[in-house]
Amino acid sequence: MRIAESELIINGDGSVFHLHIRPEQLADKVVLVGDPGRVAMFVPLFDSIECQGQSREFVWATGKYKGARITVLSTGIGTDNIDIVMTELDALANIDFKTREVRKEHRTLTIVRLGTSGALQPEIPLGSYILSHYSVGFDGLLNWYADRSDITDAGMEEAFMQHMGWLPELPNPYFIKASDKLISLFEDSTVAGMTISAPGFYGPQGRVVRQKPALPDMLANIESFRYNGWKITNFEMEGSAIAGLAKHLGHEAVTVCCAIAHRYHKDANTDYKPLVNKLVVLVMDKLSRP
(Lines give C-alpha, C1' and ligand atoms only; values in the text may rest on other atoms or scores of the structure.)
Protein backbone atom coordinates (compact mmCIF):
# COMPACT_ATOMS: atom_id res chain seq x y z
CA MET A 1 0.00 0.00 0.00
CA ARG A 2 1.32 3.41 -0.99
CA ILE A 3 1.65 5.92 1.86
CA ALA A 4 0.19 9.30 0.89
CA GLU A 5 2.28 12.48 0.76
CA SER A 6 0.19 14.00 3.56
CA GLU A 7 0.88 11.05 5.90
CA LEU A 8 4.65 10.88 5.44
CA ILE A 9 6.18 14.13 4.23
CA ILE A 10 9.46 13.76 2.33
CA ASN A 11 11.52 16.87 1.72
CA GLY A 12 12.78 17.84 -1.72
CA ASP A 13 16.28 16.58 -0.91
CA GLY A 14 14.95 13.10 -0.10
CA SER A 15 15.10 13.53 3.68
CA VAL A 16 12.30 12.83 6.13
CA PHE A 17 10.25 15.90 7.11
CA HIS A 18 11.32 16.84 10.66
CA LEU A 19 14.65 15.10 11.12
CA HIS A 20 16.06 16.05 7.70
CA ILE A 21 17.89 12.71 7.50
CA ARG A 22 18.01 10.65 4.29
CA PRO A 23 17.60 6.87 4.53
CA GLU A 24 21.21 6.12 3.62
CA GLN A 25 22.45 8.48 6.38
CA LEU A 26 20.89 6.48 9.22
CA ALA A 27 22.93 3.82 11.01
CA ASP A 28 21.39 0.66 12.46
CA LYS A 29 22.59 1.74 15.92
CA VAL A 30 21.08 4.98 17.22
CA VAL A 31 21.70 6.96 20.39
CA LEU A 32 18.97 9.42 21.36
CA VAL A 33 19.65 12.40 23.63
CA GLY A 34 17.23 15.11 24.69
CA ASP A 35 19.50 18.14 24.65
CA PRO A 36 20.65 19.22 21.15
CA GLY A 37 23.88 20.45 22.74
CA ARG A 38 24.65 16.96 23.99
CA VAL A 39 25.34 15.70 20.46
CA ALA A 40 28.57 17.73 20.60
CA MET A 41 29.73 15.45 23.43
CA PHE A 42 29.67 12.48 21.03
CA VAL A 43 31.21 14.01 17.92
CA PRO A 44 34.82 14.14 19.19
CA LEU A 45 34.61 10.44 20.10
CA PHE A 46 33.95 9.32 16.53
CA ASP A 47 36.90 7.98 14.56
CA SER A 48 35.30 9.57 11.51
CA ILE A 49 32.14 11.58 10.77
CA GLU A 50 30.17 10.47 7.74
CA CYS A 51 27.46 13.13 7.79
CA GLN A 52 25.67 15.47 10.18
CA GLY A 53 22.88 18.03 10.20
CA GLN A 54 20.30 20.00 12.16
CA SER A 55 16.63 20.87 11.86
CA ARG A 56 14.95 22.68 14.75
CA GLU A 57 15.86 20.78 17.93
CA PHE A 58 16.88 17.71 15.96
CA VAL A 59 20.68 17.71 15.76
CA TRP A 60 22.35 14.57 14.43
CA ALA A 61 25.60 12.99 13.33
CA THR A 62 26.47 9.61 11.84
CA GLY A 63 29.99 8.24 12.07
CA LYS A 64 32.25 5.34 12.97
CA TYR A 65 33.23 4.54 16.56
CA LYS A 66 35.64 1.65 17.06
CA GLY A 67 34.45 0.25 13.75
CA ALA A 68 30.72 0.52 14.52
CA ARG A 69 28.48 2.83 12.50
CA ILE A 70 26.34 4.85 14.92
CA THR A 71 23.89 7.74 14.58
CA VAL A 72 23.48 10.20 17.47
CA LEU A 73 20.29 12.28 17.41
CA SER A 74 18.76 14.83 19.75
CA THR A 75 15.02 14.71 20.34
CA GLY A 76 14.27 17.79 22.43
CA ILE A 77 12.12 17.40 25.51
CA GLY A 78 8.98 15.29 25.79
CA THR A 79 7.17 12.28 24.40
CA ASP A 80 5.38 14.37 21.76
CA ASN A 81 8.78 14.82 20.10
CA ILE A 82 9.46 11.11 20.52
CA ASP A 83 6.35 10.36 18.47
CA ILE A 84 8.00 12.31 15.63
CA VAL A 85 11.46 10.84 16.13
CA MET A 86 10.49 7.19 16.40
CA THR A 87 8.00 7.32 13.52
CA GLU A 88 10.51 9.04 11.23
CA LEU A 89 13.40 6.77 12.22
CA ASP A 90 11.26 3.75 11.41
CA ALA A 91 10.22 5.34 8.10
CA LEU A 92 13.87 5.87 7.19
CA ALA A 93 14.58 2.22 7.95
CA ASN A 94 11.49 0.50 6.61
CA ILE A 95 9.80 2.61 3.95
CA ASP A 96 11.02 2.97 0.37
CA PHE A 97 10.98 6.74 -0.15
CA LYS A 98 10.69 6.35 -3.95
CA THR A 99 7.67 4.02 -4.03
CA ARG A 100 6.26 5.12 -0.61
CA GLU A 101 5.66 1.49 0.27
CA VAL A 102 6.79 -0.55 3.25
CA ARG A 103 9.92 -2.55 2.43
CA LYS A 104 9.49 -6.34 2.28
CA GLU A 105 12.44 -6.97 4.60
CA HIS A 106 12.15 -5.37 8.03
CA ARG A 107 15.20 -3.43 9.25
CA THR A 108 15.56 -3.50 13.03
CA LEU A 109 17.15 -0.50 14.71
CA THR A 110 19.00 -0.65 18.03
CA ILE A 111 18.03 2.48 19.96
CA VAL A 112 19.47 3.69 23.27
CA ARG A 113 18.19 6.80 24.98
CA LEU A 114 20.86 8.47 27.10
CA GLY A 115 19.58 11.10 29.51
CA THR A 116 19.32 12.48 33.01
CA SER A 117 16.73 11.77 35.64
CA GLY A 118 15.57 12.23 39.22
CA ALA A 119 15.99 9.27 41.58
CA LEU A 120 13.04 8.27 43.76
CA GLN A 121 14.30 5.54 46.09
CA PRO A 122 16.49 6.36 49.12
CA GLU A 123 19.12 3.69 48.40
CA ILE A 124 19.97 5.00 44.91
CA PRO A 125 22.93 7.42 45.11
CA LEU A 126 23.18 10.56 43.02
CA GLY A 127 25.25 9.85 39.94
CA SER A 128 23.88 6.32 39.49
CA TYR A 129 23.26 5.07 35.96
CA ILE A 130 19.71 3.73 36.00
CA LEU A 131 18.68 1.31 33.25
CA SER A 132 14.94 1.31 32.60
CA HIS A 133 14.01 -2.37 32.54
CA TYR A 134 10.44 -1.05 32.57
CA SER A 135 9.19 2.33 31.40
CA VAL A 136 6.00 3.81 32.83
CA GLY A 137 4.16 6.25 30.59
CA PHE A 138 2.31 9.08 32.31
CA ASP A 139 2.15 10.83 28.92
CA GLY A 140 -0.73 8.91 27.31
CA LEU A 141 0.97 8.83 23.89
CA LEU A 142 0.72 5.09 23.36
CA ASN A 143 -3.03 5.24 23.99
CA TRP A 144 -3.39 6.88 20.56
CA TYR A 145 -2.19 3.72 18.80
CA ALA A 146 -4.17 0.53 18.21
CA ASP A 147 -3.26 -2.71 20.00
CA ARG A 148 -1.59 -0.85 22.83
CA SER A 149 -2.60 -3.60 25.28
CA ASP A 150 -0.68 -6.20 23.24
CA ILE A 151 2.67 -4.79 24.38
CA THR A 152 1.91 -3.44 27.86
CA ASP A 153 1.67 -5.11 31.26
CA ALA A 154 -1.99 -4.89 32.26
CA GLY A 155 -1.39 -6.34 35.73
CA MET A 156 1.18 -3.70 36.60
CA GLU A 157 -1.06 -0.94 35.26
CA GLU A 158 -4.08 -2.01 37.26
CA ALA A 159 -2.09 -2.47 40.47
CA PHE A 160 -0.42 0.91 40.03
CA MET A 161 -3.64 2.83 39.41
CA GLN A 162 -5.28 1.25 42.45
CA HIS A 163 -2.25 1.99 44.61
CA MET A 164 -2.11 5.60 43.44
CA GLY A 165 -5.82 6.38 43.59
CA TRP A 166 -5.57 7.34 39.92
CA LEU A 167 -7.91 10.07 38.76
CA PRO A 168 -10.18 9.39 35.73
CA GLU A 169 -9.26 12.72 34.11
CA LEU A 170 -5.58 11.69 33.90
CA PRO A 171 -4.23 9.61 30.98
CA ASN A 172 -4.09 5.92 31.79
CA PRO A 173 -0.46 5.01 32.54
CA TYR A 174 1.19 2.23 30.56
CA PHE A 175 4.02 -0.14 31.51
CA ILE A 176 6.47 -1.32 28.83
CA LYS A 177 9.35 -3.80 29.14
CA ALA A 178 12.60 -2.76 27.47
CA SER A 179 14.52 -4.88 24.99
CA ASP A 180 15.89 -7.98 26.73
CA LYS A 181 18.88 -7.89 24.38
CA LEU A 182 19.81 -4.35 25.47
CA ILE A 183 19.11 -5.03 29.13
CA SER A 184 21.67 -7.84 28.94
CA LEU A 185 24.16 -5.49 27.27
CA PHE A 186 23.96 -2.80 29.95
CA GLU A 187 22.95 -4.55 33.17
CA ASP A 188 26.52 -5.14 34.38
CA SER A 189 27.18 -1.39 34.69
CA THR A 190 23.80 0.05 35.71
CA VAL A 191 21.14 0.00 38.42
CA ALA A 192 18.03 -1.94 37.43
CA GLY A 193 15.14 0.50 37.21
CA MET A 194 11.47 1.07 36.60
CA THR A 195 11.23 4.58 35.23
CA ILE A 196 8.32 7.00 34.93
CA SER A 197 8.19 9.23 31.87
CA ALA A 198 6.23 12.35 32.79
CA PRO A 199 4.59 14.81 30.36
CA GLY A 200 6.09 17.76 32.26
CA PHE A 201 8.86 18.68 34.67
CA TYR A 202 6.82 20.24 37.46
CA GLY A 203 3.26 19.10 38.25
CA PRO A 204 3.46 15.73 36.43
CA GLN A 205 6.55 14.91 38.50
CA GLY A 206 4.98 16.02 41.77
CA ARG A 207 6.87 19.31 42.08
CA VAL A 208 5.07 22.10 43.90
CA VAL A 209 5.92 25.71 43.03
CA ARG A 210 2.72 27.79 42.99
CA GLN A 211 0.10 25.30 41.83
CA LYS A 212 -1.45 22.50 43.86
CA PRO A 213 -0.94 18.97 42.49
CA ALA A 214 -3.92 16.85 41.45
CA LEU A 215 -2.44 13.93 43.42
CA PRO A 216 -1.09 15.48 46.66
CA ASP A 217 0.51 12.25 47.87
CA MET A 218 1.86 11.24 44.48
CA LEU A 219 5.56 11.03 45.36
CA ALA A 220 5.02 9.05 48.56
CA ASN A 221 2.69 6.64 46.77
CA ILE A 222 5.12 6.20 43.88
CA GLU A 223 7.97 5.47 46.28
CA SER A 224 5.93 2.83 48.13
CA PHE A 225 4.57 1.03 45.03
CA ARG A 226 5.74 -2.59 44.71
CA TYR A 227 4.85 -5.20 42.11
CA ASN A 228 6.50 -8.61 41.70
CA GLY A 229 9.69 -7.35 43.29
CA TRP A 230 9.82 -4.14 41.23
CA LYS A 231 9.66 -0.59 42.51
CA ILE A 232 9.76 2.73 40.70
CA THR A 233 13.26 4.17 40.70
CA ASN A 234 13.30 7.46 38.77
CA PHE A 235 11.55 10.15 36.72
CA GLU A 236 12.44 11.32 33.22
CA MET A 237 10.45 12.53 30.20
CA GLU A 238 10.95 10.43 27.05
CA GLY A 239 11.65 6.75 27.70
CA SER A 240 8.11 5.37 27.76
CA ALA A 241 7.30 6.51 24.22
CA ILE A 242 10.64 5.19 22.95
CA ALA A 243 10.00 1.79 24.54
CA GLY A 244 6.37 1.62 23.42
CA LEU A 245 6.81 2.75 19.83
CA ALA A 246 9.91 0.57 19.44
CA LYS A 247 7.89 -2.47 20.52
CA HIS A 248 5.09 -1.58 18.10
CA LEU A 249 7.51 -1.01 15.21
CA GLY A 250 9.81 -3.96 15.82
CA HIS A 251 12.95 -2.25 17.12
CA GLU A 252 15.23 -2.88 20.11
CA ALA A 253 15.21 0.01 22.61
CA VAL A 254 16.23 0.90 26.14
CA THR A 255 16.76 4.02 28.26
CA VAL A 256 19.69 4.66 30.59
CA CYS A 257 19.82 7.85 32.67
CA CYS A 258 22.23 9.43 35.10
CA ALA A 259 20.53 10.39 38.38
CA ILE A 260 21.32 14.10 38.82
CA ALA A 261 18.55 14.91 41.32
CA HIS A 262 17.13 13.00 44.26
CA ARG A 263 13.45 13.51 44.95
CA TYR A 264 13.54 11.46 48.18
CA HIS A 265 16.53 13.21 49.72
CA LYS A 266 15.58 16.52 48.07
CA ASP A 267 19.03 17.33 46.74
CA ALA A 268 20.64 17.67 43.31
CA ASN A 269 24.02 17.63 41.61
CA THR A 270 24.35 20.58 39.24
CA ASP A 271 27.93 19.57 38.33
CA TYR A 272 26.80 16.42 36.58
CA LYS A 273 28.45 16.84 33.16
CA PRO A 274 31.51 14.67 34.01
CA LEU A 275 29.14 11.85 34.97
CA VAL A 276 27.21 12.22 31.73
CA ASN A 277 30.49 12.24 29.79
CA LYS A 278 31.37 8.88 31.33
CA LEU A 279 27.92 7.57 30.45
CA VAL A 280 28.40 8.71 26.85
CA VAL A 281 31.61 6.66 26.58
CA LEU A 282 29.95 3.68 28.28
CA VAL A 283 27.04 3.68 25.83
CA MET A 284 29.28 4.09 22.79
CA ASP A 285 31.58 1.29 23.96
CA LYS A 286 28.65 -1.05 24.53
CA LEU A 287 27.12 -0.27 21.13
CA SER A 288 30.44 -0.75 19.35
CA ARG A 289 30.40 -4.44 20.23
CA PRO A 290 29.54 -6.74 17.29
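The values are calculated or read from the model by the stated rules, or taken from the named source; none is laboratory data. Nothing here was measured: the structure is a model prediction, and the numbers come from that model. Note that we place each Cβ from the backbone using ideal geometry, even for glycine, and neighbour counts take in every protein chain shown. The area values use the complete protein model at the heavy-atom level, side chains included, leaving out ligands, DNA and RNA. Shrake-Rupley method; radii C 1.70, N 1.55, O 1.52, S 1.80 Å.
Remark on A27: its backbone amide H falls under 5 Å from those of T71, a criterion applied only to residues 5 or more positions apart or on other chains, H modelled at 1.01 Å from N. Across all C-alpha atoms in the stretch 68-214, the radius of gyration and Dmax reach 17.5, 54 Å. Residue separation of T108 and A146 scaled by 0.36 nm, minus their Cα-Cα distance, works out to 11.6 nm of gained length. Taking every DSSP bridge with both residues inside the stretch 1-157, close to 60 percent are antiparallel.
For the stretch 76-111, state which trypsin sites (Lys or Arg not before Pro) are in a DSSP loop and have at most 10 other beta carbons lying within 10 Å of their beta carbon.
Numbers: sites: K98, R100, R103, K104, R107; in loops: K98, R100, R103, K104, R107.
Those that pass, being in a loop and sparsely packed, are K98, K104.
Here the peptides 154-166, 253-265, 72-84, 276-288 are ranked by packing, the mean other Cβ count within 10 Å, and the order with the highest first is 253-265, 72-84, 276-288, 154-166. Counting only protein heavy atoms and using a 1.4 Å probe, the accessible area of F17 comes to about 80 Å². Backbone amide hydrogens, once placed in the peptide plane, bring S128 within less than 5 Å of A259, excluding anything fewer than 5 places away on its chain. Coupling constants for the stretch 167-179 follow from the phi torsions by the Karplus curve (6.51 cos²θ - 1.76 cosθ + 1.60, θ = phi - 60°), and in residue order they are 8, x, 7, 8, x, 5, x, 10, 10, 10, 7, 6, 4 Hz; glycine and proline get x. Within the shell of other residues whose beta carbon sits under 13 angstrom from the beta carbon of D150, the net charge comes to +1, with Lys and Arg scored +1 and Asp and Glu -1.
Taking all protein chains into account, the per residue accessible area for the chain stands at 46 Å² (1.4 Å probe).
The solvent-accessible area of I3, taken with every protein chain present and a 1.4 Å probe, is close to 40 Å².
Where the accessible area of the stretch 1-133 is counted over protein heavy atoms with a 1.4 Å probe, how much of it, in %, is carbon and sulfur?
Exposed carbon and sulfur together represent 51 percent of the surface.
Measuring nothing but how far apart in sequence close Cα pairs (under 8 Å, 6+ apart) lie, relative to its length, the chain scores a relative contact order of 23 percent. A cut-off of 5 Å between modelled amide H atoms, ignoring neighbours fewer than 5 places along the same chain, links E50 with T62, G63, K64. In the assembled protein chains, D271 presents an accessible area of approximately 110 Å² (probe radius 1.4 Å). Between K231 and F201, residue separation times 0.36 nm minus the direct Cα-Cα distance comes to 8.7 nm.
Annotation: the antiparallel percentage among DSSP beta bridges lying fully within the chain is about 50.
Multiplying the residue separation of A40 and S184 by 0.36 nm and subtracting their alpha-carbon distance yields 49.1 nm.
Peptides 39-47, 142-150 ranked from most to least packed, by the mean per-residue count of other Cβ atoms within 10 Å: 39-47, 142-150.
Which value in deg cm²/dmol, rounded to the nearest 500, describes the helix-derived mean residue ellipticity at 222 nm for the chain, given -39,500 (n - 2.57) per DSSP H run of n ≥ 4 and division by the residue count? Result for the chain: -7000 deg cm²/dmol, rounded to the nearest 500. Using every pair of distinct Cα positions in the chain, the Kirkwood expression returns a hydrodynamic radius of 19.5 angstrom.
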